[in-house]
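Student: Quick one: this structure, given as structure tokens, is what I'll be asking you about.
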Amino acid sequence: MALEITKYGGKSELPTSVGDELAVLFANNYPPNYAPPVERNDLAAREDASAIQNLLNRGRTYYLGTAGCRLAGFLESRTLDQDDDTTVELMTWLMVDEAHRGNGVATRLHAAFIADAMLRARSRLPKPTVARLGVHNENPARAMYEHWGYSDDGHPESAPEIILMSKPLVPEL
């Protein structure tokens with residue numbers, strides 16, 4: 001399967017058809033029981049192309065994986081500066097369409113995200129940078145994140161069903 005990764009970030013314009021396809025992929029592949037109450041408004045922010053474009057305009061980045069003319073998966077991220085002088089490269093969502101699972105789509109999307117995060121981390125040295133994500137306790141993707149080097153950081157108080165995971169990003173000089 002030939003997979004093309006396209007990045008949309010900053011003020012880039014997401015084609016409406018792609019945004020609508022992304023919204024459908026999100027709605028069809030995210031189990032509602034995985035959404036803690038604190039994230040339900042965040043979920044509604046992905047209901048159509050204009051809502052997703054609004055997220056892009058507010059600093060989100062999207063990595064879209066397409067196979068042929070079909071959206072196979074996406075990764076949504078953003079960069080956060082923490083009070084402890086650490087930068088967090090936050091992977092907010094990673095989804096692969098059911099028909100494309102098991103073909104390396106998530107791995108390729110994650111690799112594109114990490115490559116960009118490492119470039120940003122290199123520009124901020126010596127300030128430390130970590131990649132971080134949250135995963136539902138019951139999500140089988142947790143094993144994949146552990147394989148990629150993420151470790152368990154515990155549960156947020158507001159969402160005990162979510163496991164926070166992170167890994168340090170140490171760019172080569």
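Student: Using helices alone, I'd like the mean residue ellipticity at 222 nm for the chain: each DSSP H run of four-plus residues gives -39500 (n - 2.57), total over residue count, nearest 500.
Tutor: Details: 5 runs with 54 residues, N = 173.
It lands at -9500 deg cm²/dmol.
Student: What is the sum of charges, Lys and Arg at +1 and Asp and Glu at -1, for the other residues whose Cβ falls under 10 Å from the Cβ of Ala121? Spell out each step's value before the answer.
Tutor: On the way: positive: Arg120, Arg122, Arg124, Lys127; negative: Glu89, Asp116.
Net charge in that neighbourhood comes out at +2.
Student: Also: Please report the net charge: other residues with Cβ closer than 15 Å to the Cβ of Met165, K and R +1, D and E -1.
Tutor: Details: positive: Arg132, Arg142, Lys167; negative: Glu89, Glu138, Glu146, Asp152, Asp153, Glu161.
Spelling it out: positives minus negatives among the neighbours equals -3.
Student: So how far apart, in nm, are the two label points at Asp48 and Asn29 if each is 7 Å from Cα heading toward Cβ?
Tutor: 2.3 nm
Student: Dipole size in debye (nearest 20) for the chain around its Cα centre, Lys and Arg Cβ +1, Asp and Glu Cβ -1? Kindly include the intermediate steps, with their values, before the conclusion.
Tutor: Numbers: 17 positive and 24 negative charges, 107 e Å.
Computed charge dipole of the chain: roughly 520 debye.
Student: Ok, one more. Sorted by mean Cβ packing within 10 Å, highest first, what order do the peptides 74-81, 129-136, 118-125 take?
Tutor: For the peptides 74-81, 129-136, 118-125, the packing ranking is 129-136, 74-81, 118-125.
Student: Given a cut-off of under 8 Å on Cα pairs at least six residues apart, what relative contact order in percent is computed for region 4-169? The partial results should precede the final answer.
Tutor: Details: 276 pairs, mean separation 32.8, N = 166.
It comes to 20 percent, rounded to a whole number.
Student: For Gly154, what charge total do you get from the other residues with a beta carbon under 13 Å from its beta carbon, if Lys and Arg give +1 and Asp and Glu give -1?
Tutor: On the way: positive: Arg132; negative: Asp152, Asp153, Glu157, Glu161.
Taking every Cβ under 13 Å from that of Gly154, the sum is -3.
Here, each number is a calculation from the coordinates, and none is a lab measurement. Keep in mind that this is a model prediction, so the values were computed, not measured. Backbone-built Cβ (ideal geometry, glycine too); neighbour counts: all protein chains shown.
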